[in-house]
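For reference, the structure discussed in these notes is given below.
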Amino acid sequence: MKPLDGLTLAIKKELEAMQMYTQLAEAQADAAQKKLFMDLAAMERGHKSRLEDIYTGMAFPESW
């Protein structure tokens with residue numbers, strides 16, 4: 001697998017995890033559980049953002 005393909009896959013997995021945690025949060029009646037899942041979704045969003053930055057740097061090195 002090429003590095004950019006690996007990053008694309010990792011970005012997709014982070015997005016899927018973020019969506020899953022968001023859905024789980026929306027399904028919770030308990031505020032503490034809702035917050036936990038929203039915090040996890042936020043972490044995944046951060047991971048996705050960092051991976052996208054790495055991807056951009058590798059795919060378009062002139063933008064750095």
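Just so it is clear, none of the values below were taken in a lab; they were calculated from the coordinates. Small disclaimer: the values here were computed from a predicted structure and weren't measured. We place every Cβ from the backbone using ideal geometry, glycine too, and count neighbours over all the protein chains shown.
Observations, loosely collected:
- Dipole magnitude of the chain about its Cα centre (Cβ charges: Lys, Arg +1; Asp, Glu -1), debye to nearest 20: 60
- On Cα atoms only, tilt of 3-26 relative to the major axis of the chain in degrees: 10
- The C-alpha atoms of the chain define a longest principal axis, and helix 31-59 lies at about 10 degrees to it.
- Relative contact order (%) - the chain, alpha-carbon pairs under 8 angstrom, separation at least six: 39
- Matching label, Cα extents along the principal axes in Å computed from the structure shown, candidates (1) 38, 33, 23; (2) 37, 19, 18; (3) 47, 23, 10: (3)
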